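A short worksheet on the structure shown next.
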């Protein structure tokens, strides 16, 4: 039996409904891994940066937590879905995972050099609060990986996606310094700095 720590069980969110442990194989499928360009994303996140600790906020199936950990970094993951976290703990026993919403991260201020939100902000109940929490627990930067604001044959419908302007507005409203947006083959990676 896997023991997990539940830090907020007050509500069922859209994330709870969309993702569950039965989908972990699909979320870790070779096709999805290729779509996410995991190694390229991790390389860009760490390029020319002095990063030692990372929070993978909205970790899902833990693929990014696992990739960051493979670089020898101290990594923790958090997700609102307890079944998904339990699956991550079984797959990735060397990484610490907690159950919590990204709008209320169970960490002290500046606990990590970097906070990474991978494919999760379009799922949150409060995107601004998520950005504020990312800013609070990040010591150096916050990175966002999201779908581009365009129709694609995969991913969520356009109505569920966040535009570049919306992401930059949210980051600025949360007190982050706007950095850069890097267009990948299928996704967009945004880098914001803690002021």
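All of the numbers you see were taken from the coordinates with simple rules; none came from a lab. These figures come from a predicted structure and were not determined experimentally. Note that we place each Cβ from the backbone using ideal geometry, even for glycine, and neighbour counts take in every protein chain shown.
Results, tabulated for the structure shown:
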| quantity | calculated |
| --- | --- |
| Taking the stretch 110-195 and dividing mean pair separation by its residue count, relative contact order in percent (alpha carbons under 8 Å, at least six apart) | 32 percent |
| Förster-model FRET efficiency, 30 Å R0, residue 111 and residue 154, C-beta, rounded to 0.05 | 0.35 |
| Alpha-carbon centroids, the stretch 52-92 and the stretch 96-152: separation in whole Å | 13 Å |
| Average silhouette area of the stretch 20-194, convex hull of alpha-carbon atoms, in square nanometres | 9.0 nm² |
| Length-normalised contact order for the stretch 49-140 - Cα pairs under 8 Å, 6+ apart - percent | 31 percent |
| Sequence-separation-based contact order of the stretch 20-194, relative, with Cα cut under 8 Å and 6+ spacing, percent | 18 percent |
